[in-house]
Every structure is written in structure tokens, then in C-alpha cells.
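Here is the structure we will look at.
The values are calculated or read from the model by the stated rules, or taken from the named source; none is laboratory data. It should be emphasised that the depicted structure is a prediction, and the values quoted were computed from it without experimental measurement. Neighbour counts are summed over all protein chains in view; Cβ atoms, including those assigned to glycine, are modelled from backbone coordinates with ideal geometry.
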Amino acid sequence: MSKVRGIRGATTVHKNTKDEVIKATQEMLSDIVDKNKLKIDDIAAAIFTTTEDVDSEFPAYAARMMGWEYVALLDNTQMKVPNSLKLCIRVLLLVNTDIPANQIENVYLHQAVNLRKKR
């Protein structure tokens, strides 16, 4: 029986442009879908956050461009923390899956790989 699981992802852009935001978001989402063998129908919701310096396009728009027509999408601004990663897009996908929680593959791309370093 399927359970709802959360899958995290994060990426960065080089510049705050529409094309960069769309490209980076779609790369991140495609990687999450591929690594976790998801179908669009498995995805219940995607909650995106961006750092304050990413405001040229909504990451949710990039998902819509990928055919995520019936997935609930939400964009928000990440809280501002001193010395935190800049130009960052994050996502939390809520998916229906049979994958055990310990086998979920979260995706961190570009400068966002630094988010997973031990503190």
C-alpha cells in the first residue's frame, strides 16, 4: 500500500533570470522523478521556496511547463538566515509511493550540495 512520503530537493542558479530559474527547477525536478522512479500522478504537491534574491520567475511555473497540470504547487520565500546559501531554489515534494522512507533519494544540485554537509 502506498504511503505519503516527502522528497527534498535544492539547486542554485548562476543569475536571477527567468531562463535560469526555469532550467534549474526543471533539472532538479527531473532528477528527483528519475532517481525515485516517480510518475506525475504519484506527486500530490510540490512546495517551492526561493531565497530572496531569486524573484525573476516562479519555480511552480517551471513545473507546469513539465506537464504538472494537476499537481498542487506553491511558491514561497525561504527565511533569511545570515551567511546562508544565495540564489537557491528548494522543493518539498509530497508523493504517494511504496518506496520505504530510508530509500528515498533527495536531490541537491550545484552549490546546494553544500546544504548536506555536516554542521
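Things to note:
- Single match in VAL54, VAL21, VAL95, VAL91 (criterion: buried (at least 19 other Cβ atoms within 10 Å of the Cβ), among the hydrophobic types (A, V, I, L, M, F, W, C) and part of a loop (DSSP other than H, G, I, E, B)): VAL54
- Scanning the range 67-84 for residues that are of a type in the set (A, V, I, L, M) and buried (at least 16 other Cβ atoms within 10 Å of the Cβ) returns VAL71, LEU73.
- Considering residues of the range 26-40 that are assigned to a helix (DSSP H, G or I) and without any contact (Cβ under 8 Å) to a residue 24 or more places away in the chain only, the residue surrounded by the most Cβ atoms within 10 Å (Cβ to Cβ): VAL33
- Taking the range 98-119 as the range and being touching a strand residue (DSSP E or B) at 6+ places or on another chain (Cβ under 9 Å) and assigned to a loop (DSSP other than H, G, I, E, B) as the test, the residues that pass are ASP98, ILE99, PRO100, ILE104, GLU105, ASN106, LEU109.
- Residues located in the range 73-119, provided they are within 18 Å of VAL13 (Cα to Cα), touching a residue at least 40 places away in the same chain (Cβ under 8 Å) and touching a helix residue (DSSP H, G or I) at 6+ places or on another chain (Cβ under 9 Å): LEU85, LYS86, LEU87, CYS88, ILE89, ARG90, VAL91, VAL107, TYR108, LEU109, HIS110, ALA112
- LYS37 being closer than 11 Å to THR11 by Cα and at pLDDT 95 or above: no
- Meets criteria (more than 21 Å from SER2 (Cβ to Cβ), modelled with pLDDT of 95 or more and not charged (D, E, K, R)) for THR77: yes
- Every residue from the range 98-119 that is surrounded by 17 or more Cβ atoms within 10 Å (Cβ to Cβ) and more than 15 Å from the chain's Cα centre (by Cα): ILE99
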